[in-house]
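Every read-out reported here was derived from the displayed coordinates using simple, explicitly stated rules and does not represent laboratory data. Note that the coordinates shown come from a computational prediction; the quantities given were computed from them, not determined experimentally. Backbone-built Cβ (ideal geometry, glycine too); neighbour counts: all protein chains shown.
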Amino acid sequence: MEPETEGPPPTTQVTPLQQMIASCTGAVLTSLMVTPLDVVKIRLQAQNNPFPKGKCFLYSNGLMDHMCICEESKKAWYKKPGNFHGTLDAFLKILRNEGIKSLWSGLPPTLVMAIPATVIYFTCYEQLSGFLKAKLGENETRIPVVAGIVARFGAVTVISPLELIRTKMQSKRFSYKELYRFVSMKVSEDGWISLWKGWAPTILRDVPFSAMYWYNYENLKRWLCEKSGSYEPTFMINFTSGALSGSFAAVATLPFDVVKTQKQTQLWTHEYCKFPAPLDMSTWTIMKNIVADKGFSGLFTGLIPRLVKIVPACAIMISSYELGKSFFQKYNTKRQ
């Protein structure tokens, strides 16, 4: 009689609610750890090229991008004076002169958007991935790509109207009654589709990113588990897989990120600051203009700042999410 070969232990299912809690925890941790990088970056930008009233700038914590409109107040966190000589110098001076809270300026509105978007995205991915594995088999390589694309479509589509409303509220102080009137007016004038302005360039960047990220992440995680002889991925395997797959996807989708930022900046400047309306150019036309003006390298403007944010954000988010899932798996196993 042949001895039984040892196999991986049976996996206990994690409920959708537990997946939501794990992704919510991951989103909060990622925002807390990555936001200071963007605060320092924006303070350095504002020092070298002061933001005039009405100018739009991009604020991101690695999970979500937000278009912010400069207000007249000189007390705004991005307008505080500083004599910084580089990233580390800015970080230390802000910490010493303004206190630790300044490094998390603008965090509350980021969390308001990042948490629901991340919860929808990760929970949809897990549910769809589990469904496809049950139908097609555990080792089907297309599952991460399909699940990643559908989950990202869903998250971006749900969040887009909230982003439009958030930007409107940030451009001027509105009561909820005034905000309701604004939304009603937009819908009556331009139809429901007007609440999804800026959706297309976001999809063009986020959907390819998501497909590449999940495909690379699942394959890297499996390969690292085989190399280490582990049935279950460790925290470091998840962290490394998330960082590497995030960096690959960030580089590959950077041209779409450049276009998306340009289109959204023009859109918000026109919508909320009453500047002249931008020409309605397609993504490919904008890309051709960038190449003609700055060369092919223009499509990869901001590569280092993007990697500095995306790589740690992906690594922290996925490893903390997997840690949360692992905790709930053990909890469910004990209960059973």
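Worth pointing out:
- Relative to the current alpha-carbon distance between V291 and K101, full extension at 0.36 nm per residue lengthens the span by 64.3 nm.
- The Cβ shell under 12 Å around G242 holds other residues with a net charge of -1, Lys and Arg each +1, Asp and Glu each -1.
- Gain in span if fully extended, K334 to L88, counting 0.36 nm per residue against the direct Cα distance: 83.9 nm
- Scoring 32-39, 234-241, 292-299, 135-142 by mean Cβ neighbours within 10 Å over their residues and listing the highest first yields 32-39, 234-241, 292-299, 135-142.
- In this Cβ point-charge picture (+1 for Lys and Arg, -1 for Asp and Glu), the range 71-160 has a dipole of about 280 debye about its Cα centre.
- Modelled spin labels at V251 and K74, positioned 7 Å past Cα toward Cβ, are 4.5 nm from each other.
- Of K133/K221; K221/K260; K53/K79; K79/K101, those spanning more than 20 Å from alpha-carbon to alpha-carbon: K221/K260
- Cβ-Cβ FRET estimate between F300 and T157, R0 fixed at 30 Å, reported to 0.05: 0.60
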